[in-house]
Amino acid sequence: MDIVPIIARIQSQCPLLRSVGGAAEFTDASLALKHQLPAAFVLPLSDEPQPNRLDNGISQRVNRRFGVVLAVKNLRDASGAAALSDLVPLRSQLIDALLGWVPDGLTDPCEYAAGRLLELSQQVLWWQDDFLTAFYLRKV
């Protein structure tokens, strides 16, 4: 999955974020980006192919899911309430940037799929929002 267009979209549409990266940056996030928060990381999650629609070829819709992990640090409150409050405008910008947008090479606009708290540690709140889009595999 090519996440570069998604990263570029988030960078251009979410000015509250200080850093946007992909899966490689996410693995080192706790070390490398502590001082560049808030940050976002785009992660490919899954491709779910639907049944073929043709008898003499292939036309398969593939639902693609990707996640965007947001990392927010707020030193004012060890309980995480302040970081959670800081998360609200970040999520709003992210959802506005992606909802209805069609990434390069895909056919369907992005839809919001889920959101969840991943972790709260050392005053860094990690939140993941999932999005769905789709494309077609065709061979005749």
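The values are calculated or read from the model by the stated rules, or taken from the named source; none is laboratory data. This is a predicted model, so every value here is computed, not measured. To get the accessible areas, we keep the full protein, side chains included, count just its heavy atoms, and leave off ligands, DNA and RNA. Shrake-Rupley method; radii C 1.70, N 1.55, O 1.52, S 1.80 Å.
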Check: Using the Karplus equation 6.51 cos²θ - 1.76 cosθ + 1.60 (θ = phi - 60°), what ³J(HN,Hα) coupling, rounded to whole Hz, does each residue of the stretch 59-67 give in order, writing x for Gly and Pro?
Finding: 9, 10, 7, 10, 7, 10, 10, 9, x
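Expressed as a whole percentage, what fraction of the accessible surface of the chain belongs to carbon and sulfur atoms when a 1.4 Å probe is rolled over the protein heavy atoms?
Details: 3990 of 7660 Å².
C and S atoms contribute 52 percent here.
Which value, in Å², gives the accessible area per residue of the chain when a 1.4 Å probe is used on the protein heavy atoms?
On the way: 7660 Å² over 140 residues.
For the chain, the per-residue accessible area is 55 Å².
Could you grab the relative contact order for the chain? Cα pairs under 8 Å, six or more apart, rounded to a whole percent. Can you show the working numbers first?
Numbers: 279 pairs, mean separation 34.8, N = 140.
Reported relative contact order: 25 percent.
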